[in-house]
Amino acid sequence: MKALQDKIRQEGTVLSDRVLKVDSFLNHQVDPELMAAIGQEFAARYAEAGVGKVLTLESSGIAPAVMTALALKVPMIFARKQKSLTLNEDLIVKTVYSFTKEQKNEVAVSKKFLSPGEKVLIIDDFLAYGEAALGMAQIVEASGAVVAGIGIVIEKSFQNGADKLREAGYRVDSLARIASLADKQVTFLEE
Ligand code: 5GP
């Protein structure tokens, strides 16, 4: 998606060979017009997929996920990161290793918002090693719902998340695919 690639080139900061900072339009301040365009792009790609819900992880997935849900005219759920949720019977809880925080988080979704057989589109801001997306897919499947696909705003293709998710049988749609962050430069896969 060209507008997204341009924005990453203009405003992204390469923090290291592994981490890109995009806090001016996605991870802190949010660009609503770009998020709307991202939502329309995911919605167009999944127009025929029968999606009934969009699922993301708080907090950075919420902006692209809500715009996708708006374009698809379905509800959006954000999985919550909280401690000591396991005792609550009404929640589906999975442990997810956080790439940025380098710690395990328990993430949870209330059972009442996912129904057996319902098709769920998972959206996230970044894809690195696939832990967040796999955790959300496990939550969907534990509820009896079905993963329609995984939509990623920025995929770092030099890390193995996309391969892992595709090998597990999931459809993955990434709007920007980064081949390398070496030498403080963002190089896209399509270049
Ligand atoms: P994964 O679970 O695929 O290893 O990592 C994806 C999650 O880690 C995303 O939800 C995102 O919040 C965070 N993340 C991974 N890589 C980056 C990055 O380069 N920049 C930022 N800002 N977040 C990242």
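List the pairs whose first member sits in the stretch 15-29 and is among the polar types (S, T, N, Q), whose second member is open to solvent by 50 Å² or more (accessible area, probe 1.4 Å) and part of a strand (DSSP E or B), and whose Cβ atoms are under 6 Å apart, counting only residues at least 6 apart or on separate chains?
none
Quick check on ILE77: is it under 25 Å from LYS112 (Cβ atoms), β-branched (Val, Ile, Thr) and free of Cβ contacts under 8 Å to residues at least 24 places away in the same chain? Show your work before the answer.
On the way: under 25 Å from LYS112 (Cβ atoms): yes; β-branched (Val, Ile, Thr): yes; free of Cβ contacts under 8 Å to residues at least 24 places away in the same chain: no.
Taking the combined requirement at face value, the residue does not satisfy it.
Applying the selection to the stretch 46-67, what residues are closer than 10 Å to ILE122 by Cβ and among the hydroxyl-bearing types (Ser, Thr, Tyr)?
THR56
Looking only at the stretch 175-189, how many residues end up being more than 18 Å from the chain's Cα centre (by Cα), touching a residue at least 24 places away in the same chain (Cβ under 8 Å) and away from the ligand (no atom under 13 Å from the Cβ)?
Final tally of qualifying residues: 5.
May I ask you to verify whether GLU155 is buried (at least 17 other Cβ atoms within 10 Å of the Cβ) and at pLDDT 95 or above? Explain how you work it out, then say what you get.
Working: buried (at least 17 other Cβ atoms within 10 Å of the Cβ): yes; at pLDDT 95 or above: yes.
Yes; evaluated as a whole, the condition is true for this residue.
Checking PRO116 against (1) at pLDDT 95 or above; (2) open to solvent by less than 30 Å² (accessible area, probe 1.4 Å); (3) over 26 Å from ILE38 (Cα atoms); (4) of a type outside the set (Asp, Glu), which single condition isn't satisfied?
Result: PRO116 passes all but (2).
Can you name every one of the strands (runs of 3 or more DSSP E) wholly within the stretch 1-108 that holds 1 or more residues which are surrounded by 18 or more Cβ atoms within 10 Å (Cβ to Cβ), away from the ligand (no atom under 16 Å from the Cβ) and of a type in the set (A, V, I, L, M, F, W, C)? Full working, then the answer.
Details: elements: 53-57, 76-81, 91-98.
So the answer is 91-98.
Mind checking which residues of the stretch 131-145 are open to solvent by less than 10 Å² (accessible area, probe 1.4 Å), near the ligand (Cβ under 10 Å from one of its atoms) and more than 10 Å from the chain's Cα centre (by Cα)? Lay out the reasoning, then the answer.
At the first step, the residues of the stretch 131-145 found to be open to solvent by less than 10 Å² (accessible area, probe 1.4 Å) are 133, 135-137, 139-140, 145.
Imposing the further condition that a residue be near the ligand (Cβ under 10 Å from one of its atoms) reduces the set to 133, 135-136.
Hit for the stretch 131-145 is GLY135, nothing else.
Which of the residues belonging to the stretch 39-60 are touching an Asp or Glu at 6+ places or on another chain (Cβ under 7 Å) and either under 18 Å from LEU114 (Cα atoms) or among the acidic types (Asp, Glu) (or both)?
Of everything in the stretch 39-60, those that are touching an Asp or Glu at 6+ places or on another chain (Cβ under 7 Å) and either under 18 Å from LEU114 (Cα atoms) or among the acidic types (Asp, Glu) (or both) turn out to be GLY52, LYS53, THR56, LEU57.
The values are calculated or read from the model by the stated rules, or taken from the named source; none is laboratory data. If you're wondering where the values come from, they're calculated on a predicted model, not measured in any experiment. All Cβ positions, even for glycine, are placed from backbone atoms using ideal geometry, and neighbour counts span all protein chains on display. For accessibility, only protein heavy atoms count, side chains too; no ligands or nucleic acids. Shrake-Rupley method; radii C 1.70, N 1.55, O 1.52, S 1.80 Å.
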